[in-house]
1. Only one of (1) over 24 Å from S120 (Cβ atoms); (2) surrounded by 18 or more Cβ atoms within 10 Å (Cβ to Cβ) fails for G54. Which number is that?
2. So, V46, is that one touching a residue at least 24 places away in the same chain (Cβ under 8 Å) and either in a loop (DSSP other than H, G, I, E, B) or surrounded by fewer than 20 Cβ atoms within 10 Å (Cβ to Cβ) (or both) or not?
3. Going by the structure shown, is G212 within 27 Å of L84 (Cβ to Cβ), without any contact (Cβ under 8 Å) to a residue 40 or more places away in the chain and among the small types (G, A, S)?
4. Just checking, which of E10, E76 is among the charged types (D, E, K, R), more than 16 Å from ligand 1 (Cβ to nearest atom), open to solvent by 60 Å² or more (accessible area, probe 1.4 Å) and more than 20 Å from the chain's Cα centre (by Cα)?
5. For R161, indicate whether it is surrounded by fewer than 24 Cβ atoms within 10 Å (Cβ to Cβ), among the charged types (D, E, K, R), touching a residue at least 24 places away in the same chain (Cβ under 8 Å) and within 12 Å of ligand 1 (Cβ to nearest atom).
6. Scanning segment 168-187 for residues that are among the charged types (D, E, K, R) and closer than 16 Å to P294 by Cα, which turns out surrounded by the fewest Cβ atoms within 10 Å (Cβ to Cβ)?
7. Of all residues in segment 238-297, which are in a loop (DSSP other than H, G, I, E, B) and touching a helix residue (DSSP H, G or I) at 6+ places or on another chain (Cβ under 7 Å)?
8. So how many residues does segment 119-143 have that are over 19 Å from R21 (Cα atoms) and touching a Lys or Arg at 6+ places or on another chain (Cβ under 8 Å)?
Amino acid sequence: MITQLLPVSEQSLAMASALLRQGELVAFPTETVYGLGADALNAEAVRNIFSAKGRPADNPLIVHIYDRSQLDPLCEIPEASLPLMEAFWPGPLTLLFPRKSTVPDVVTAGLPTVAIRMPSHPAAAALLRVSGVPVAAPSANRSGRPSPTTAAHVLEDLQDRIPLILDGGPCEVGLESTVLDLSHGDPVILRPGGITKDMLEKVLQRPVAVAGSVLRPLRENETALSPGMRYKHYAPRAVLTLVEGDPGKVVSLMRKRCLADRAEGRTACVLCFREHMEALRECNPHDIGSLSHPEETAHRLFDVLRALDEEGMDSVYSEVLPPEGMGLAVMNRLGRAAAFRTLRAD
Ligand code: AMP
Ligand code: MG
């Protein structure tokens, strides 16, 4: 199959919509990351998403809609979800709803809930409107690779496996949506993302919990509340190590480790805040944004992780952010990319 990569236009959107209605796959931009979409009500089409990505069948997908009127045929709508939809849709918040039987098992991996989101990216909204179908879409990467934040990343992973990629430029947020579970009464963040815990608490007027496995590996025999958390994710091929502690000491430990690895014949580099680029100039520093702007780190992270593979790195040391606000989502992805391998600089 030849993959076409087309800029978003009226014609390419019409072509993409026709493909979706025929049960084909289309990659499209959203404000979080690029998605790989199929008609959510066509089980055969949805199965093709799993084979194109090499995604385990027990990892459910998020269904994308452009209008709340599309919810009723898919799921029950609990009261508590209303203020959240009002405040954050369209946007990077995925909510779990009790599903109806119209939703094929393959979409939810047999779970009683279906994850639904209304993206704000104009091209995603237009695609959903023109096609008229709810679109099941995970991130448009090969399973295990960092999520794609540009059309070029999608092409890297899925060339010749899907018919069409719509190119809408780089994604604004750069990390996947927040996944919130309201189905057990108390709200729990299963995956942190662009909508932060504070933002949710302000609207719900009650505390919001964060699933324990967000900032640590799953324990043996622990059930993943969000099945995606079970898998090795976002990982570059290099051995990535996080370095935490006093900033001055972090910089000098990263430098020392990087140079020691090189002395042993490994290719090594560092991921650091812009403020530390100069101090780490001998270590092939990769800029992860400014210390004071976690949104910038979110926006750049997956692109930087992919670059490490292209550069054939063996060993990488990275600075960390406080796990607050957008920092929580960044540290969830960075932690998993590093398999939570951490050094303390004291
Ligand atoms: P992706 O689309 O690749 O960003 O992955 C979707 C994420 O949402 C994965 O981590 C899934 O495990 C999670 N997810 C989707 N549906 C459900 C559900 N019904 N219950 C819990 N987590 C879900
Ligand atoms: Mg994904």
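The values are calculated or read from the model by the stated rules, or taken from the named source; none is laboratory data. As the structure is a computational prediction, the values presented were derived from the model and not from experiment. Because the Cβ atoms are built from the backbone with ideal geometry, glycine has one as well, and the counts that use them run over all protein chains shown. Remember, those area values only see protein heavy atoms, side chains included, never the ligands or the DNA or RNA. Shrake-Rupley method; radii C 1.70, N 1.55, O 1.52, S 1.80 Å.
1. Exception for G54: condition (2).
2. Working: touching a residue at least 24 places away in the same chain (Cβ under 8 Å): yes; either in a loop (DSSP other than H, G, I, E, B) or surrounded by fewer than 20 Cβ atoms within 10 Å (Cβ to Cβ) (or both): no.
Considered against the rule, which asks whether it is touching a residue at least 24 places away in the same chain (Cβ under 8 Å) and either in a loop (DSSP other than H, G, I, E, B) or surrounded by fewer than 20 Cβ atoms within 10 Å (Cβ to Cβ) (or both), V46 comes out as no.
3. yes
4. Result: E10 is the single residue among E10, E76 that is among the charged types (D, E, K, R), more than 16 Å from ligand 1 (Cβ to nearest atom), open to solvent by 60 Å² or more (accessible area, probe 1.4 Å) and more than 20 Å from the chain's Cα centre (by Cα).
5. Details: surrounded by fewer than 24 Cβ atoms within 10 Å (Cβ to Cβ): yes; among the charged types (D, E, K, R): yes; touching a residue at least 24 places away in the same chain (Cβ under 8 Å): yes; within 12 Å of ligand 1 (Cβ to nearest atom): no.
Judged against the criteria, R161 is not a match.
6. Here is the first cut: in segment 168-187, the residues among the charged types (D, E, K, R) are 172, 176, 181, 186.
Still in the running and closer than 16 Å to P294 by Cα: 172, 176.
Details: E172: 17, E176: 28.
This residue is E172.
7. The first filter runs over segment 238-297 and keeps only residues in a loop (DSSP other than H, G, I, E, B), leaving 238, 246, 264-267, 273, 277-280, 284, 288-293.
Of everything in segment 238-297, those that are in a loop (DSSP other than H, G, I, E, B) and touching a helix residue (DSSP H, G or I) at 6+ places or on another chain (Cβ under 7 Å) turn out to be A238, A279, L280, I288, G289, S290, L291.
8. From segment 119-143, those over 19 Å from R21 (Cα atoms) are 119-122, 139, 141-143; that's our starting set.
Subset that is touching a Lys or Arg at 6+ places or on another chain (Cβ under 8 Å): 141-143.
Qualifying residue count for the region: 3.
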